[in-house]
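Input: a single structure, listed below in structure tokens.
The numbers here are math on the coordinates, done by the rules we state, and not lab data. This is a predicted model, so every value here is computed, not measured. Ideal geometry is used to build each Cβ from the backbone, glycine not excepted, and the neighbour counts take in all protein chains shown.
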Amino acid sequence: MLIGLTILSIMKLKRYQFNSLPFVSIVDEVDCPIDPYVSCYLNGPMSAKAANTRARYANELLFVIQYFSNKRIDLPERVCSGTFISHKEYMQFYDQCSVTKDAGHESFRSKFTHVNDKNLRTLLAANQRSVAKVASETIQGRVRRLRDFLVWLFEQFHDSHALDETTRKKFVKLVAQIKQDEDSLGRNRNSRVCKVGDSVIPDEVFLKLLEMVKPSSPNNPFKRSKIRNYLIVSILVQSGIRRGALAKLKISDFRFYGTYDQISIYRSGNDPTDPRAEKPNQKTKSHLATVESSLMAKVKFYVDNVRASFPRAQFHDFLLVSESDSRGTAGQPLSLKAINAVFQKLSNELEFHVHPHMLRHKWNEVFDRAGERIKVDPALLEDIRKYAMGWSQNTTMNAIYNEKRLAIKARELSLAHQEKVDQIK
């Protein structure tokens with residue numbers, strides 16, 4: 001018996017733990033799973049993915065299910081019956097993928113109904129819709145999730161050997177069309193041209209951030225947790241690691257010996273000692289991150305004098321802990337949302353939106369400048385970057401960070417060439 005998705009209006013994402021294992025589901029207003037096939041898909045073939053990756057896929061699937069539910073289309077039932085979705089139904093879905101979730105709501109479409117002139121009302125709605133467009137990566141994710149879910153459903157309901165040829169060809173044609181659109185989005189995602197002089201965080205804003213977050217700064221916006229929040233920003237700035245890697249750092253990962261300047265960064269899978277429902281993790285390869293020895297000394301001070309004052313902190317090894325007990329969480333490992341809240345507060349004070357991953361980009365900008373200053377061979381510089389970022393030697397991720405540096409070099413060479421041409425004239 002299939003649960004009818006078409007009559008459900010309220011759906012949301014639910015993350016929970018069972019036996020220390022993270023799960024994710026799409027539920028209704030009373031937290032009941034909306035459909036067994038949706039739950040099995042998210043916690044079956046998706047179970048090998050990292051918890052945060054699975055949550056991202058679940059959000060994409062939520063968009064898919066909500067859209068077809070509003071159209072009174074039950075995807076499991078369609079695949080089971082072999083009717084699937086028509087070309088028109090798919091194209092309507094594809095069109096909706098390009099706008100934000102709110103843009104697809106009825107209130108969005110009826111927002112300008114009070115305008116008397118029909119043509120003007122249409123233009124206003126079209127303009128509002130164009131403003132609500134999302135990034136091509138978001139569109140690609142939604143399209144990919146539809147295709148992957150349909151393929152998985154097809155495998156659950158149909159035996160490829162016993163299936164009639166007409167139904168098989170119909171499904172193959174549908175999947176091929178979706179895959180073609182998905183691939184084209186990947187090819188066209190880098191259509192934006194960045195300004196050569198742009199920095200992810202302007203230097204004046206970056207310096208203001210570094211000054212503001214110091215515990216002794218008169219501009220520090222935090223009433224408490226000043227030392228912890230200083231460490232959050234400083235470790236990200238000096239190491240270039242991701243937010244997830246920061247949140248999972250343990251005291252034992254800090255090498256308070258030898259050169260007194262290195263931190264072990266590694267993947268740990270499902271850590272049974274981590275009580276957080278949204279378990280953070282390192283996304284890329286294991287490596288050693290280097291920071292200033294003075295920062296290591298500040299980490300040691302935090303561990304011995306601040307963290308130690310919270311009784312619950314003695315039951316785990318995670319470095320960063322909650323210092324608020326409003327929900328009885330003081331001393332528990334700090335959540336990813338709490339780290340986001342720190343950056344939101346800083347962004348408000350800076351009047352410039354800054355988030356953890358921007359500091360990873362800024363690290364690469366500073367890294368480039370340092371490499372040029374001490375004249376490191378470009379090939380060696382890229383190998384060092386790959387190690388520091390935790391990438392494999394075959395990765396092409398470094399091209400993203402190299403783009404700005406190459407654009408600056410191209411501009412310098414073009415100006416030099418133009419200067420020679422002008423001299424000839």
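Highest-first packing order for the peptide set 17-30, 233-246 is 233-246, 17-30, based on the mean count of other beta carbon atoms within 10 Å.
Compared with the alpha-carbon gap, the fully stretched path from Asn19 to Arg369 is longer by 121.2 nm at 0.36 nm per residue.
The ranking of Ser294, Ser326 by Cβ neighbour count inside 10 Å, starting from the fewest, reads Ser326, Ser294. Over the range 1-96, the alpha carbon radius of gyration divided by the compact-protein estimate 2.2 N^0.38 Å works out to 1.10. Over the range 194-425, the alpha carbon radius of gyration divided by the compact-protein estimate 2.2 N^0.38 Å works out to 1.15.
With a threshold of 20 Å on the Cα-Cα distance, the over-threshold entries among Lys250/Lys300; Lys12/Lys248; Lys49/Lys71 are Lys12/Lys248; Lys49/Lys71.
For the range 276-290, there are no residues whose amide N sits under 15 Å from a probe point set 7 Å from the Cα of Ile251 along the beta carbon direction.
On full extension, the segment bounded by Ser47 and Ser324 gains 96.5 nm, given 0.36 nm per residue less the C-alpha separation. Were the residues from Asn348 through Tyr266 laid out at 0.36 nm apart, the gain over their Cα-Cα distance would be 26.3 nm.
Shape verdict for the range 256-324, please, from the Cα gyration tensor: rounded (a/c under 1.5), prolate (a/b greater than b/c) or oblate. Taking the square roots of the gyration eigenvalues as a ≥ b ≥ c, the range 256-324 is oblate.
Mean sequence separation of contacting Cα pairs (under 8 Å, at least six apart), scaled by the length of the range 194-425, corresponds to a relative contact order of 23 percent.
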